[in-house]
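The values are calculated or read from the model by the stated rules, or taken from the named source; none is laboratory data. Fair warning: this is a prediction, and the values are worked out from it, not measured in the lab. Please note: Cβ atoms are built from the backbone with ideal geometry, for glycine as well, and neighbour counts cover all protein chains shown.
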Amino acid sequence: MLPKVVSNFVCVVKTVVDEWIEAYKQDRDAALLELIQFFIHCSGCRGRITPHMYHNMEHADIIRKMTEEFDEVLLLYRVQHCLCLN
């Protein structure tokens, strides 16, 4: 069962990556913004980078704005969860 789950996961990831590459070929800026947003959400930040922010703000200003949107409660939960697993 586990090998099948892993195999299916690999196939899904490959499909997602292939689709993102095609999106990148069609609209580089939109695809990069989508990828950046993915990493921001994975970090626990609920902030959203708009196309306007992406094109008009300095990276440091975007990061500063995202830290204002960061969900500290979620981060604390993730840290506590990781500590419990170890």
Picked from the stretch 42-62 (must be surrounded by 12 or more Cβ atoms within 10 Å (Cβ to Cβ) and in a helix (DSSP H, G or I)), the residue modelled with the lowest pLDDT is Ile62
If you check Leu76 against the conditions, is it at pLDDT below 75 and aliphatic (A, V, I, L, M)?
yes
